[in-house]
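Peer 1: Provided herewith is a single structure, encoded as structure tokens, for subsequent inquiry.
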Amino acid sequence: MTLQRQWTTAALVAIVCTLFMAFYTPLPQVSDEHLALPIARAIADPGLYPASDLVVSSGVNGPFFVYHLASVLYRNHVNVDAWWYAFLIGSLFALFIAIWWLAEGITGNATVAALATALVTASSRYRGTIHWMFVPPSNFITSTLVLPFTFAALALAVRGRRGPGLVMAAIAFNVHPSLGLIAATIIGVLMIVDPRRQTWQVRARWFGLAALAAFPNAWYISHHAPANFSHAIGTGIPFAEEFRLYAYHAFIEDHWRENYGWFVAQLGLVWFLRQQFADAVRRFVLISMGWCAALVLLYLANIYTLSIPALDLTFFVRAGAYVKVIAFAAVAAGVVEWVRQANGRDRLLRIGAAIGLIIATLHKNLDIGEGLLLVIIAAILLLTDGAYRSWRLATATGLAAAGLTQVLGQGWGILHIAPFSFAQADGHRLLTIGTAAFFCVFAAMVPVPAVHSINGALTTPDRQAARVSETARAFVVCLGVLLVAILLRGHLNQLRPNSYSVIASAMRLADTPNDTRAISEWAARDTPRASLIVLPPMDDRFDDFRLAAGRGVYAAVGDINQLAYDAGVYGEAHRRLLALGMRVTGRHSFDVSTYDTLDAAHLLILAKEGATFAAFGRATRATKPLPYPVAFQDSLWTVYDLRKTP
């Protein structure tokens, strides 16, 4: 297949996958933009937000250069909603091109690469990753922009161009430090462990170029967030404790219910099928996935023991994004070759198992899909010849039992037939994770017998007509998988594509809820610039207040997780929440009921810290009024003017 045909195939697959995302998924799902885009507004209009707003002020000084560039949109008064949606669509298109190239490098076949890309697109964003590292992403933030570059770097690496891939990943470090660093270390480890006859002198030059490419952001972070490199102390408690209380996407107990079993099982399945790959591809897949797993384990070990801030804030669990794509491509290629090995009845059975694997991947219910995966793996074990037959039978039996338990338990709940309790559902998930882990051990001991290389084995004869049909086959396979994903949704109304009105509504970045629209509009219209407003600290109806009103917020619980790039501000954010009457009752567990009982003395302290207005529920303050003038009032909220001391 010529380079031109490859690019044509990649573009066609990317177009189909991007259209699927645009019309058959809730896109965009605006969330982090509520805290990120005020950074852009602050840069575009200095003095709009107060310096005492922690999210905005620390964000302006943070390594968020994408939002610095976004300030141009606000400065020129363009339709930011439309431009932001266009950036998302463009980034997704580039991402799917990069994923196809990576998958094609692993599979050696355009059609199988299209299959893998379509499965990545249509599967749940949770599936195959961990801790909410969504692939593909559904909103445009820094990670969305950088993923196409890091996957392109890995695509270069799988083709043997590791030096250029390393430099590309190092450049990506300047946009998103965590994802760029993970990709760069993957390629760096490949260059050390599997040098491919490159001398140390050549590799050293590439390492030097990569270090030079990453230096600007490394210098910026070290100078603007020095607390990240020391055990910063907050308000009476260490940073490690603050991180434990507030950080999401880090700790196992917050996310283990979200397809840990699938994540572990896919590692085992890749390992089980490893002999199907060409030597060079096998080394790339196993070293890359092994290093990603090592980074995740290193990260988890750190946050539960030493809790070094610089490591805490790397969020190495994001390596799951790379594991998902590499695993999907490797499993797709391995299973296709596994099917090709058989003849007659055995081939039909293997085709059935492959179809079942696709259905498990595309199933919208995470637990049912996870259970189906274990059942399909059991079938693959039984349909595969090899040594240790008795062990294979025992392992397959355990996988099938655990998988069926997971499927039936969740299925009965959906059908409202004797649904299992929360504890029973957790028990099924733990059984699934344990069984998947045992399969990983078994896969390491009992590989599938080696066959001819899949790297290029599935390509058609070198004729122009064949090359055209290869592109056509890739397009049809991609489209077919996405149609199956749509049909598996089950409800007729979900088969229709998103209408223009649905997309237009979803793309509104500041879509203020009805309950807080009036107070947001009042703040934007009638409060002075640089106002710092005290709001209920755990009321998600105010999530987009900063962006919609263009005013600062004193403190909110949701802010602190988004401050997880600068250890120095954790302590001040925690102190402010305590000043609002919040009481810590556990990890991610806070009692803010005393907020509505704050008296004039408390508000006087807040006013001395720069707060200019304070909002409370009107029903509460109707019986406990404060001696401050009312600046705004509607049926839900009363806002007091703290600038006028009673």
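The values are calculated or read from the model by the stated rules, or taken from the named source; none is laboratory data. These figures come from a predicted structure and were not determined experimentally. Note that we place each Cβ from the backbone using ideal geometry, even for glycine, and neighbour counts take in every protein chain shown. Just so you know, the surface numbers come from the protein's heavy atoms only, side chains and all, with ligands and any DNA or RNA stripped out. Shrake-Rupley method; radii C 1.70, N 1.55, O 1.52, S 1.80 Å.
Peer 1: Please give the peptides 346-358, 310-322 ranked by average Cβ packing (other Cβ atoms within 10 Å per residue), highest first, as a rough proxy for protection.
Peer 2: Going by the mean number of other Cβ atoms within 10 Å, highest first, we get 310-322, 346-358.
Peer 1: If we sort 607-614, 291-298 on the protection proxy, mean other Cβ atoms within 10 Å, highest first, what's the order?
Peer 2: Per-residue Cβ counts within 10 Å, averaged per peptide and sorted highest first, yield 607-614, 291-298.
Peer 1: Among all the aspartates and glutamates, which ones have a C-alpha under 19 Å from LYS624's C-alpha, if same-chain residues fewer than 8 places away are not counted?
Peer 2: Candidates past the 8-residue exclusion: ASP596, ASP599, ASP634, ASP641.
Peer 1: Could you tell me which of ILE326, ILE351, PHE315 has its Cα farthest along the dipole of the range 308-361 towards the positive end, charges placed at Cβ (Lys, Arg +1; Asp, Glu -1), taken about the Cα centre?
Peer 2: ILE351
Peer 1: Among the lysines, select those whose C-alpha is under 29 Å from the C-alpha of LYS364, and discard any that sit fewer than 8 residues away in the same chain.
Peer 2: By straight Cα distance, LYS364 reaches LYS324.
Peer 1: Amide H neighbours of ALA631 under 5 Å, at least 5 residues apart or on other chains, H built in the peptide plane: list them.
Peer 2: Answer set, sorted by chain and number: VAL639, TYR640, ASP641.
Peer 1: About the Cα centre of the range 490-582, how large is the charge dipole given +1 on each Lys and Arg Cβ and -1 on each Asp and Glu Cβ? Please answer in debye to the nearest 20.
Peer 2: 180
Peer 1: Moving to a separate point now. Note down the relative contact order for the chain as a percent, whole number, built from C-alpha pairs under 8 angstrom at least six residues apart.
Peer 2: With pairs under 8 Å counted, the relative contact order is 20 percent.
Peer 1: What is the antiparallel percent of DSSP beta bridges lying wholly in the chain, to the nearest 5?
Peer 2: Around 75 percent of the beta bridges assigned by DSSP in the chain are antiparallel ones.
Peer 1: Need one word for the range 324-383: rounded, prolate or oblate. Basis is the Cα gyration tensor (sqrt eigenvalues a ≥ b ≥ c); a/c below 1.5 gives rounded, then a/b vs b/c decides.
Peer 2: Since a/c reaches 1.5 but b/c is at least a/b, the shape of the range 324-383 is classed as oblate.
Peer 1: Still on this structure, I have one more. Which one of THR638, LEU19, LEU297 has its Cα pushed farthest toward the positive end of the charge dipole of the chain, where Lys and Arg give +1 and Asp and Glu give -1 at the Cβ?
Peer 2: Value: LEU19.
Peer 1: Using a Förster distance of 30 angstrom, determine the FRET efficiency expected from the C-beta separation of LEU393 and GLN424, and round it to 0.05.
Peer 2: Efficiency, from the Cβ-Cβ distance: 0.60.
Peer 1: With +1 on each Lys and Arg Cβ and -1 on each Asp and Glu Cβ, and nothing else charged, work out how big the dipole of the chain is about its Cα centre, in Debye to the nearest 20.
Peer 2: Roughly 1700 debye for the chain.
Peer 1: Now for a different question. Going by Cα centres, the range 468-538 and the range 251-274 are how many Å apart?
Peer 2: The two parts, judged by their Cα centres, are 29 Å apart.
Peer 1: Follow-up question, since we're still on this one. Keeping all protein chains in the complex and leaving out DNA, RNA and ligands, what accessible area do you get for LEU267 with a 1.4 Å probe, in Å² to the nearest 10?
Peer 2: 50
Peer 1: Give me the extension gain from ALA11 to GLU241: residue separation times 0.36 nm, minus the current Cα-Cα distance, reported in nm with one decimal.
Peer 2: Residue separation times 0.36 nm, minus the Cα-Cα distance, leaves 78.1 nm.
Peer 1: Moving on. To the nearest 0.05, what FRET efficiency results for ALA280 and ASP385 with a Förster distance of 25 Å applied to their C-beta separation?
Peer 2: Working from the Cβ atoms, E equals 0.45.
Peer 1: While we're here: In straight Cα distance, which lysines are under 16 Å from LYS644, not counting same-chain residues fewer than 8 positions off?
Peer 2: Counting by Cα, and skipping residues close in sequence, LYS644 has these lysines nearby: LYS608.
Peer 1: Tell me which residues come under 5 Å, amide H to amide H, from PHE251 once H is placed; ignore anything under 5 positions away on its chain.
Peer 2: Answer set, sorted by chain and number: none.
Peer 1: Moving on to the next point. Could you point to the residue in PRO148, LEU479, ALA518 farthest towards the positive end of the chain's charge dipole, with +1 and -1 charges on the Cβ of Lys/Arg and Asp/Glu respectively?
Peer 2: Of the options given, the answer is LEU479.
Peer 1: Still on this structure, please answer the following. Placing +1 at every Lys and Arg Cβ and -1 at every Asp and Glu Cβ, with all other atoms neutral, what dipole size does the range 293-403 have around its Cα centre, in debye to the nearest 20?
Peer 2: 320
Peer 1: Between GLN633 and ALA51, what is the label-point separation in nm under the 7 Å Cα-to-beta-carbon projection?
Peer 2: Those two pseudo-labels are separated by 3.6 nm.
Peer 1: Could you work out what % of the accessible surface of the chain is carbon and sulfur, using a 1.4 angstrom probe and leaving DNA, RNA and ligands out of the count?
Peer 2: On the chain, the fraction of accessible area on carbon and sulfur atoms equals 65 percent.
Peer 1: Counting only residues 5 or more places away or on other chains, whose amide H sits under 5 Å from the amide H of LEU532 once H atoms are built in the peptide plane?
Peer 2: THR612, PHE613
Peer 1: Where only protein heavy atoms count, and the probe is 1.4 Å, what is the accessible area per residue for the chain in Å²?
Peer 2: With all protein chains present, the chain gives 41 Å² per residue.
Peer 1: 222 nm [θ] for the chain, helices only, -39500 (n - 2.57) per DSSP H run of 4+, per residue, to 500?
Peer 2: -20500 deg cm²/dmol
Peer 1: Residue by residue through the range 316-328, which ³J(HN,Hα) values in whole Hz follow from phi under the Karplus form 6.51 cos²θ - 1.76 cosθ + 1.60 (θ = phi - 60°), with glycine and proline marked x?
Peer 2: The phi angles translate into 5, 4, 5, 4, x, 4, 6, 4, 4, 5, 4, 5, 4 Hz.
Peer 1: Through the Karplus equation 6.51 cos²θ - 1.76 cosθ + 1.60, θ set to phi - 60°, convert the phi angles of the range 469-486 into ³J(HN,Hα) values in whole Hz; use x for Gly and Pro.
Peer 2: Values, residue by residue: 5, 4, 5, 5, 4, 4, 4, 5, 4, 4, 4, x, 4, 5, 5, 4, 4, 5 Hz.
Peer 1: Report LYS624's accessible area, 1.4 Å probe, all protein chains in place, as a number in Å² to the nearest 10.
Peer 2: LYS624 has an accessible surface of roughly 100 Å² with all protein chains in place.
Peer 1: Sticking with this one: By per-residue mean of other Cβ atoms within 10 Å, what is the highest-first order of 239-247, 112-120?
Peer 2: 112-120, 239-247
Peer 1: Where the centroid of each part is defined by its Cα atoms, how far is the range 581-628 from the range 186-201 in Å?
Peer 2: If we compute the Cα centre of each part, the gap is 58 Å.
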